[in-house]
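**Student:** Below you will find the structure I want to go over with you.
Throughout, read-outs are computed from the coordinates displayed, never taken from laboratory work. From a predicted model like this one, the values you see are computed outputs, not experimental measurements. Please note: Cβ atoms are built from the backbone with ideal geometry, for glycine as well, and neighbour counts cover all protein chains shown.
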């Protein structure tokens with residue numbers, strides 16, 4: 001199945017400028033599985049989102065069809081066909 | 001025509017590069033490179049035909065990495081695989097790269113990285129990718145290493161200039177360790193270093209070391225700025241003796257050795273750990289020309305009133321020339337350079353973000 005990843009402007013330097021990525025994920029598709037695919041296809045993007053322990057970085061927010069992923073199971077969050085995965089840096093720092 | 005001097009300035013919000021082609025009289029500044037990242041470590045590897053810049057950058061959002069440039073900072077790259085990553089068995093993740101240290105001349109592709117959490121990594125491809133040094137991680141003392149205010153980190157890595165088997169590392173709330181068997185084993189090297197904040201003030205390890213410097217022509221001599229205490233070792237870090245007499249304070253973070261005169265060292269004293277300001281609010285670099293026996297305050301060209309900022313552990317450096325330039329940056333974003341060994345100073349930049357690291361070289 002295919003999902004769409006929306007990339008914030010600050011990270012498009014590691015996606016060749018792409019604002020969105022259409023990614024095929026094997027079923028049953030989860031957010032963690034999507035990140036595993038990104039680690040192969042877009043490794044520089046993936047490691048800005050997850051640590052080497054595959055943990056979502058603290059100040060990265062990911063919304064799956066509008067739901068903040070940490071509220072719906074984190075890496076285990078299920079992705080539906082054509083799901084929209086929005087990556088947003090959180091408000092932090094000064 | 002004068003050589004080009006390159007000064008890399010790592011700050012809390014990116015890297016700036018200053019270049020001078022008139023013997024450090026004037027500087028041209030470019031940046032920010034790696035904007036909105038903390039550049040805690042920077043190195044200029046002049047062992048290569050084309051000098052390589054290395055930067056340990058940390059994004060609060062997107063984590064740490066190491067980027068390199070082979071065109072003096074015009075463009076940067078990083079490999080697809082993470083340059084530095086902790087093995088799964090450790091259960092931890094890289095938080096920050098505190099030190100990037102090119103290895104000895106005999107190993108032109110070796111670069112070491114000191115990290116947070118406290119670990120050492122070694123690169124054999126010129127600093128692009130690094131391998132975890134398991135032996136230091138496995139040291140039985142590691143469980144008792146503490147974390148300084150800045151975190152638990154190997155912030156100082158000094159590869160021996162002639163012996164590839166010998167490397168010295170240091171950390172806050174842990175102390176000094178060295179290997180002489182090509183990273184196979186490590187032993188503490190803290191004899192004589194005081195840890196005033198512990199019940200046993202001269203423990204085997206646990207000292208809060210802030211920075212160590214060594215001149216390549218005298219590889220067995222080290223100079224150390226401690227968390228209270230300034231020391232010298234003349235026996236390869238087997239023992240340390242105080243050289244703090246003559247300084248206004250024995251607290252500070254930075255330490256550097258003159259590139260051409262091994263007896264000449266520089267530090268930037270602060271009042272105390274509970275009073276982290278330059279004494280009297282005066283910006284003064286202190287120089288010793290006799291390996292720490294006597295000290296002189298260097299003030300010409302530096303603010304002598306209302307200077308209430310600090311110089312971090314890697315924000316004081318020398319370049320690699322003779323007679324050599326000396327440089328430092330402050331947490332208030334000011335950067336100064338001296339082309340007369342510290343006798344006088346000129347402002348290179350005045351309003352950068354907090355300066356975390358500086359390195360300079362003739363390129």
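**Student:** So how much slack lies between residue A:24 and residue A:41, counting 0.36 nm per residue of separation and subtracting their Cα-Cα distance, in nm? Mind showing how you got there, number by number?
**Tutor:** Details: separation 17, 0.36 × 17 = 6.12 nm, distance 1.07 nm.
Roughly 5.1 nm would be gained on extension.
**Student:** Mind jotting down the distance between the C-alpha centroids of the range B:16-52 and the range B:237-289, whole Å?
**Tutor:** Each part reduced to its Cα centre gives a spacing of 25 Å.
**Student:** Quick one: check the C-alpha center-to-center distance for the range B:93-164 versus the range B:69-87, whole angstrom.
**Tutor:** The two parts, judged by their Cα centres, are 16 Å apart.
**Student:** Starting from the Cα of residue B:234, step 7 Å toward the Cβ, then list every residue of the range B:280-306 with an amide N under 19 Å from that point.
**Tutor:** B:288-295
**Student:** Continuing with the same structure: Only Cα pairs under 8 Å and at least 6 apart count here; give the relative contact order of the range A:2-89 as a rounded whole percent.
**Tutor:** This gives 39 percent for the range A:2-89.
**Student:** Pick from A:16, A:24, A:82: which residue has the top mean-square fluctuation in a GNM of chain A where Cα pairs under 10 Å get a spring?
**Tutor:** Between A:16, A:24, A:82, it is A:16 that shows the largest mean-square fluctuation.
**Student:** Right, here's the next one. When you look at the Cβ of every residue in B:52-63, what mean number of other chain Cβ atoms sits within 10 Å?
**Tutor:** Counting Cβ atoms of other protein chains within 10 Å of each residue's Cβ and averaging gives 4.
**Student:** Right, here's the next one. Using the beta-carbon distance between residue B:4 and residue B:217 and R0 = 30 Å, what value does 1/(1 + (r/R0)^6) give for FRET efficiency, to the nearest 0.05?
**Tutor:** Computed FRET efficiency for residue B:4 and residue B:217: 0.75.
**Student:** Determine the gain in length on full extension of the stretch residue B:184-residue B:165; use 0.36 nm per residue of separation and subtract their C-alpha separation, reporting nm with one decimal.
**Tutor:** Between residue B:184 and residue B:165, full extension yields an extra 5.9 nm.
**Student:** Per DSSP H run of at least 4 residues, take -39500 (n - 2.57); add these up for chain A, divide by its residues and hand me the 222 nm value, nearest 500 deg cm²/dmol.
**Tutor:** Helix contribution divided over all residues of chain A: -5500 deg cm²/dmol.
**Student:** Going by how many other Cβ atoms sit within 10 Å of their own, how do B:309, B:115, B:4 line up, fewest first?
**Tutor:** B:4, B:309, B:115
**Student:** Sticking with this one: Would you please classify the overall shape of the range B:5-362 from the alpha carbon gyration tensor, given that a ≥ b ≥ c denote the square roots of the eigenvalues, rounded means a/c under 1.5, and beyond that prolate means a/b larger than b/c while oblate covers the rest? Spell out each step's value before the answer.
**Tutor:** Working: a/c = 1.41, a/b = 1.06, b/c = 1.33.
In terms of gyration-tensor shape, rounded.
**Student:** If you don't mind, there's one more thing I want to ask. Sort A:51, B:26, B:156 by Cβ crowding within 10 Å, fewest neighbours at the top.
**Tutor:** Ordered by Cβ neighbours within 10 Å, fewest first: B:26, A:51, B:156.
**Student:** By its C-alpha gyration tensor, with a ≥ b ≥ c as the square roots of the eigenvalues, how is the range A:5-63 shaped: rounded for a/c under 1.5, else prolate for a/b larger than b/c, else oblate?
**Tutor:** oblate
**Student:** Only counting other Cβ atoms within 10 Å, I'd like B:149, A:63 sorted with the fewest neighbours first.
**Tutor:** B:149, A:63
**Student:** For chain B, what is the mean residue ellipticity at 222 nm derived from helices alone (per DSSP H run of n ≥ 4: -39500 (n - 2.57); sum divided by total residues; nearest 500 deg cm²/dmol)?
**Tutor:** Helix-only estimate at 222 nm: 0 deg cm²/dmol.
**Student:** What length, rounded to one decimal in nm, is gained on full extension from residue B:304 through to residue B:197, with 0.36 nm per residue of separation minus their alpha-carbon distance?
**Tutor:** That pair, residue B:304 and residue B:197, stretches by 35.3 nm at full extension.
**Student:** Quick check: Cα centre of the range B:170-204 to Cα centre of the range B:301-363, how many Å?
**Tutor:** About 29 Å separates the Cα centre of the range B:170-204 from the one of the range B:301-363.
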